[in-house]
Amino acid sequence: MTTDYSEYAYSEDSVLCGQCGRRQSLDSNGEAPGWLYVEIDRDVGQSIDRDFCCQEHAADWLQKPLPEPKPFSVPDRTPKERLFLGVRVVLVLYGIAAVLIGTWTLVRWIRPDW
Ligand SMILES: [Zn+2]
């Protein structure tokens, strides 16, 4: 019996073998020496990535059909995120307006007859 590790669990301080489920702590460089990292890009703009404890487990995993792509969904924004997005849009527009006004003022200073 094989266990399905298709729902890969990410962790900042360890990696999980996509085939056998073995967990390995990352070293001080954030790496797991001797482990393999496999990334597969799909046509639909999604990628699948897995860590493997050895080449044999990567090969075993690659022989199986790839997991179905998850439907694309935009995460819902919280009111706080919408507020920050709105503030950023206003600041960008303000910056663009300031550059345009500054450029126009410089042109008028160089060529007052315009
Ligand atoms: Zn493994």
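Bear in mind that the values in this text are calculations on the coordinates, not laboratory data. Note that this is a predicted model, so its numbers are computed, not measured. Here Cβ is always computed from backbone atoms with ideal geometry, including for glycine, and neighbour counts include all displayed protein chains.
Some values worked out for this structure:
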| item | result |
| --- | --- |
| Cα-based helix-to-principal-axis angle, 79-110 vs the chain, degrees rounded to 10 | 40 |
| Within region 71-114, trypsin sites (Lys or Arg not before Pro) in DSSP loop having at most 14 other beta-carbon neighbours inside 10 Å | Arg77 |
| Listed residues Glu12, Glu81, Glu68, most fluctuating in the chain (Gaussian network, C-alpha, under 10 Å) | Glu81 |
| Separation of the Asp113 and Ser14 label points, Cα + 7 Å toward Cβ, nm | 7.9 |
| Projected label distance in nm at Ala97 and Leu83, using a 7 Å step from Cα toward the beta-carbon | 2.2 |
| Label-to-label distance, nm, for residues given as Asn29 and Gln63 (7 Å Cα→Cβ offset) | 3.2 |
| Enclosed volume per residue, in Å³, of the convex hull spanned by Cα atoms of the chain | 237 |
| Cβ-based exposure ranking for Leu85, Leu16, Leu62, in which fewest neighbours within 10 Å come first | Leu85, Leu62, Leu16 |
| Amide H partners (placed H, <5 Å) of Leu26, local residues excluded | Ser14, Val15 |
